[in-house]
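Colleague: Once you've had a glance at the structure underneath, I'll fire off some questions.
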Amino acid sequence: MKMKTASPSLYKQRTPALGMTAESTGPMTLREAVPMPGIGLTIPVRAAKAKLSALLDLVAAGQDVTITSDGRPKAKLVKAEPRESGPVFQGMGDFLMSQPVHTGPTADELVREDRDSRGW
């Protein structure tokens, strides 16, 4: 028995998300990203999840992007600036060696003195 195969035209052709095409050779464009006055470039959270790599490329290029949910701004992506590094932690050895030597009574002596004063 020979099985029938459906022709490709019967199936719905899958369209790229956000209008992206494989033919585009330039930087990725986001059709759902919309500039809003007072806020800047905005994109819905679902589109942001689907195209995070493209958003990161935009942000790395200096474009701030606001992510919205139900039409309200929820988060803002901004370019990360390298910050100055502080002193490198080398451990406690140098710090402890720089401290003065304790010359008072030992812990055993303090406990014994306390117990003797209470009459134990």
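Colleague: Looking at segment 38-55 only, could you name the residues that are within 18 Å of the chain's Cα centre (by Cα), among the small types (Gly, Ala, Ser) and surrounded by fewer than 17 Cβ atoms within 10 Å (Cβ to Cβ)?
Modeller: 53
Conditions tested, residue by residue: (1) closer than 30 Å to residue 38 by Cα; (2) among the hydrophobic types (A, V, I, L, M, F, W, C); (3) in contact with a helix residue (DSSP H, G or I) (Cβ under 9 Å, 6 or more places away or on another chain); (4) surrounded by 10 or more Cβ atoms within 10 Å (Cβ to Cβ).
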| residue | (1), (2), (3), (4) |
| --- | --- |
| 74 | yes, no, yes, yes |
| 77 | yes, yes, yes, yes |
| 86 | no, no, no, no |
| 90 | no, no, no, no |
| 104 | no, no, yes, no |
| 110 | no, yes, no, yes |
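Colleague: Still on this model: Tell me which residues, restricted to segment 63-103, are at positive phi and at pLDDT 90 or above.
Modeller: The initial filter retains those residues of segment 63-103 that are at positive phi, namely 70-71, 91.
70, the sole residue that qualifies.
Colleague: Of (1) surrounded by 10 or more Cβ atoms within 10 Å (Cβ to Cβ); (2) under 30 Å from residue 32 (Cα atoms), residue 115 satisfies all except one. Which?
Modeller: (2)
Colleague: For segment 12-32, indicate whether the set of residues that are at pLDDT 85 or above and part of a loop (DSSP other than H, G, I, E, B) is non-empty. Break it down stepwise before answering.
Modeller: Taking segment 12-32 and keeping what is at pLDDT 85 or above, we get none.
Looking through segment 12-32, none of the residues is at pLDDT 85 or above and part of a loop (DSSP other than H, G, I, E, B).
Colleague: If the requirement is being touching a residue at least 24 places away in the same chain (Cβ under 8 Å) and not acidic (Asp, Glu), which of these qualifies: 110, 77, 96, 55?
Modeller: Details: 110 fails: touching a residue at least 24 places away in the same chain (Cβ under 8 Å); 77 fails: touching a residue at least 24 places away in the same chain (Cβ under 8 Å); 96 fails: touching a residue at least 24 places away in the same chain (Cβ under 8 Å).
Sole residue among the options that is touching a residue at least 24 places away in the same chain (Cβ under 8 Å) and not acidic (Asp, Glu): 55.
Colleague: Still on this structure: List every residue pair whose Cβ atoms lie under 9 Å apart, where the two residues are 6 or more positions apart in sequence or sit on different chains, the first residue falls within segment 19-44 and is farther than 16 Å from residue 63 by Cβ, and the second residue, located anywhere, is surrounded by 13 or more Cβ atoms within 10 Å (Cβ to Cβ) and at pLDDT 80 or above.
Modeller: Filtered contacts from segment 19-44: 20/51; 20/54; 44/67; 44/68.
The values are calculated or read from the model by the stated rules, or taken from the named source; none is laboratory data. For clarity, every value in this text was computed on a predicted model and none was experimentally measured. Using ideal geometry, Cβ is built from the backbone for each residue, glycine included, and neighbour counts are taken over all protein chains shown.
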